[in-house]
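Following: one structure in structure tokens, then a few remarks.
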Amino acid sequence: MENRFKMQDIQPAAWKAMYGLTGYLTSVQLTKTQLELIKIRASQINGCAFCIDMHTKEALNNGESHQRIFLLNAWKETNKFNEEEKALLAITEEVTLIHQYGLTNATYSKAKEFFSEEAIAQIIMAIVIINAWNRISVSTCLAVAD
């Protein structure tokens, strides 16, 4: 697959704004593990090879296990993720697949058992940001680095 164009060259102001949003994630209370789980899972759903590759490598560098990454797309079927992580992943899936049901009351209520409203807002923003990056990467055919 050949890159179509470099968004950063064609729309530098938009690219800079996206990086600004991404920079915001350095100031949230979510852990690196939580952020990488969000990024990988949303990228899996969206079929973004570039982002899956990048965030899987980052997760491994941050100490995530290979097994948990291998099982991430089947997180509901394993005990490798704790209840807090399962709530985080449920939000990730429902916001990424917003056209299906939206963020359901059941998932929101479960998340409130583990997260404050501030943290849930940060989770939603992290999901929105990675979904935007996925759409840029997939639409421009951004290739996975060798």
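The values are calculated or read from the model by the stated rules, or taken from the named source; none is laboratory data. Quick caveat, the model's predicted, so the values are computed rather than measured. A quick note on method: Cβ atoms are made from the backbone with ideal geometry, for glycine too, and the neighbour counts reach across all protein chains shown.
Quick notes on this structure:
- Applying a threshold of 7 Å to beta carbon distances and a minimum spacing of six or more residues, or different chains, the list of pairs starting in the stretch 73-87 at a residue that is within 21 Å of Gly47 (Cα to Cα) and ending at one that is modelled with pLDDT of 95 or more and among the charged types (D, E, K, R) reads Trp75/Lys86.
- Taken over the stretch 20-33, the criterion of being assigned to a helix (DSSP H, G or I) and under 15 Å from the mean Cα position of the chain (by Cα) is satisfied by Leu21, Thr22, Gly23, Tyr24, Leu25, Thr26, Lys32, Thr33.
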